[in-house]
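Read through the structure below, which is laid out as structure tokens, and then see the notes.
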Amino acid sequence: MERDGFLELRGVASHYGATQVLTDIDLSIAKGEFVALLGSSGCGKTTLLRLLAGFISPSAGEVKVRHRDVTHLPPDKRGMALVFQSYALWPHMTVAQNIGYGLKLKGVARAEIANRVAAMQSLLGLDGLEARKPQALSGGQRQRVALGRALAVDPEILLLDEPLSNLDARIRLTVRHELRALQKRLGITAIHVTHDREEAMVMADRIVILNAGKIAQAGTPEDVYNRPASAFVAAFMGAENVILLNGTLEDDDFSIAAGTANVAGNVPLAGRPLASGPVEARFRPEAARLFEAGEIAVIGPGITFRGEVAAVSYPGGHWRHVVRLGQTEIMADGTQAFEPGTRVGVFVPAEALFLFKSPEAASVSPISRASSGKVHA
Amino acid sequence: MPKRLLGLLLVLPALAVIAFLFILPLIMSAVGAFQVEEAFGWGNFIKTFDLYTKDIIFTVVIVSLSTVLIGIASIAIGGYLTLGEHPVAVAILRWLYRWPMFIPFIVVGQILRTFLSKNGMMNNTFINLGLLTPLDAVSFLDWRGIVIAFVWKQTPFVALLVAGAMASINRDTIEAARNLGASRLRLLVEIVVPQVAMTLTVGLILSFVTMMSVLSVPLMINAQSPTMLTADIAFRVNSYGDYGVANALGLISLVLAGSVAWIYLRASLKERA
């Protein structure tokens, strides 16, 4: 993979009226790579995709494909094809006409169009549907027609704007794998916009997490999941439990002082840019290990909290506990249920404990409110 | 049961209005078309075709031509409002194009009479600009004047419907075509217009029927023969008190208008099937 230079964004910025939507986006995408742009709604991910497609011009920066500046080229001169969230199939055209329209625009001969459309149909499992209108297709079929229409023009780069969000949950799971397999088979570069963390994880080679128009982190799924670069990324990737701790730097270890709800602990620094003082700790409910307060804590690097079970529910596979630790509440999963009111210890191993330089102590609180809501759902 | 009766009672006034003020006069005119001095027969129609075949053709040609031109003009206006990229030009057009809709046909006739005549404003402007010599100036107060009046007056109405429909189509379908390299004209003809075809048809049919029934424009602009059926009907009634032929002419107008509506019904049924 030519890491540098296939598709490059340098200092791209965009604003809508007075609102800055994207700021200083630098991204380099290799040929054949599947990149997921992940973020919550309003983070600028769709704007970034539309900017790549050429529907909007950046207010600053440049977009390059194979070292060629395409920043101000019209949408069709960029070798990119976009699959819309709404599919945007033309309702007055049949499946075959929809798929073949891009070729017709390119002036391809009619017989050749028919061949390419037929090939595309069998590739996508749409055989026998060529004469149907989009209204007569199921959601999954429409999605495949939209994909076929984009792929028919043989683009170098496929842009996907939440193409799976309109599908039933069950179909979505299979389409994820089909889409990924197809992309690998064709060796096409794909940029996939989504707000679904799991979708990004299972489909992408690399995940680019956007927050407020900036890249919060870009890395492999494993990277962003296990080594989140910021508290935002950690929270977005599911580490919603948040606690403020105090600690001091000791050589290669960060030693955490005993607090109202936690016993003292030691975690390896592992290259994290931490300083002595308050830190924000985050972890996923499934990373926690629960034990009764009287039991001996699990041995190993990590940290142990002490608290009281406030609620317990069974979302499937494990028991989810809301544990009250002094002022805050956290969620912790366990293989066995602890009754509300039980005094428990919560052990979080070092590798699953994400520590960040604490911002303002006050700005940390809202997470526990969201989590307690989930328990009752 | 009483509930049902109450329901019937509620629609009764409306039903009565339609029955007595619309359906009954229509039936009476239709019947009257076949009445020649207290007896039934084809007399009125024979007379009508003898005297007015040319006018029937004239009417159909004028109204059809106007409909086609209205269609083209309203697609152009709606298309520019939807696809135009110059915001100021779009805003000006949006503000301007509706004005003729609020001007009555009779006023349109009046305006165009002074505008299109041999010594009218149009020819004067051309002469002053040196595009035309006074000798070559011709009056447009004939069939061309009627077509101009109809197109001028009816385009805003159809454009309003069409522009509304165009504004409500999924923008992504336009961008998807742009993404594949469609030019502005192809976007309009191949992507936008087919999606508003039904609205366009409805607007054009309503315009067709409206134009079929306009009396003032042919009277004001085209005071000669051949002329439109409305002028003939007025003439039969006002000058001769000849309701029989007037009714026959009316029935022919109705058939012409009805055939267009039938085309629309067939198209809409096919669309739904």
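The values are calculated or read from the model by the stated rules, or taken from the named source; none is laboratory data. Predicted model only: the values in this text are computed from it and were never measured. For neighbour counting, all protein chains shown are included, and Cβ atoms are generated from backbone atoms with ideal geometry for every residue, glycine included.
Name every residue in the stretch B:164-183 that is facing chain A (nearest Cβ under 8 Å) and either in a helix (DSSP H, G or I) or under 20 Å from A:Ile157 (Cα atoms) (or both), in order of residue number.
Residues satisfying the conditions are B:Asp172, B:Thr173, B:Glu175, B:Ala176, B:Ala177, B:Arg178, B:Asn179, B:Leu180, B:Gly181, B:Ala182.
Residues of the stretch B:166-209 being touching a Gly at 6+ places or on another chain (Cβ under 8 Å), farther than 21 Å from A:Lys106 by Cα and free of Cβ contacts under 8 Å to residues at least 40 places away in the same chain, which ones?
B:Thr199
Among the strands (runs of 3 or more DSSP E) confined wholly to the stretch A:278-334, which include 3 or more residues that are closer than 17 Å to A:Asn246 by Cβ and more than 23 Å from the chain's Cα centre (by Cα)? Explain how you work it out, then say what you get.
Working: elements: A:289-292, A:302-313, A:319-325, A:328-334.
It comes to A:302-313.
Please go through the stretch A:29-59 and give me each residue that is within 15 Å of A:Glu156 (Cα to Cα), away from chain B (no Cβ under 14 Å) and either buried (at least 22 other Cβ atoms within 10 Å of the Cβ) or of a type outside the set (D, E, K, R) (or both), ordered by number.
A:Ile29, A:Ala30, A:Gly32, A:Phe34, A:Val35
Would you confirm, using the coordinates I've provided, whether A:Leu89 is more than 16 Å from A:Arg144 (Cα to Cα), of a type outside the set (Phe, Trp, Tyr) and at pLDDT 90 or above? Show your work before the answer.
Numbers: more than 16 Å from A:Arg144 (Cα to Cα): no; of a type outside the set (Phe, Trp, Tyr): yes; at pLDDT 90 or above: yes.
Taking the combined requirement at face value, the residue does not satisfy it.
Tell me whether the stretch A:52-75 contains one or more residues that are in contact with a Phe, Trp or Tyr (Cβ under 6 Å, 6 or more places away or on another chain) and of a type in the set (D, E, K, R).
Looking through the stretch A:52-75, none of the residues is in contact with a Phe, Trp or Tyr (Cβ under 6 Å, 6 or more places away or on another chain) and of a type in the set (D, E, K, R).
Considering only residues that are of a type outside the set (Lys, Arg) and either within 20 Å of A:Ala190 (Cβ to Cβ) or exposed (fewer than 15 other Cβ atoms within 10 Å of the Cβ) (or both), look in the stretch A:90-113 and name the one that is nearest to the other protein chains (Cβ to nearest Cβ).
Here is the first cut: in the stretch A:90-113, the residues of a type outside the set (Lys, Arg) are A:90-103, A:105, A:107-109, A:111-113.
Subsequent filtering for residues that are either within 20 Å of A:Ala190 (Cβ to Cβ) or exposed (fewer than 15 other Cβ atoms within 10 Å of the Cβ) (or both) retains A:91, A:99, A:102, A:107, A:109, A:111-112.
On the way: A:Pro91: 6, A:Ile99: 11, A:Gly102: 4, A:Gly107: 10, A:Ala109: 17, A:Ala111: 20, A:Glu112: 16 Å.
Looking at residues that are of a type outside the set (Lys, Arg) and either within 20 Å of A:Ala190 (Cβ to Cβ) or exposed (fewer than 15 other Cβ atoms within 10 Å of the Cβ) (or both), I get A:Gly102.
Here is a list: A:Gln135, A:Gln121. Which entry is crowded, with 17+ Cβ neighbours inside 10 Å, at negative phi and in a helix (DSSP H, G or I)? Even if it seems obvious, please write down each step before you answer.
Values: A:Gln135 fails: crowded, with 17+ Cβ neighbours inside 10 Å.
Of the residues listed, the single one that is crowded, with 17+ Cβ neighbours inside 10 Å, at negative phi and in a helix (DSSP H, G or I) is A:Gln121.
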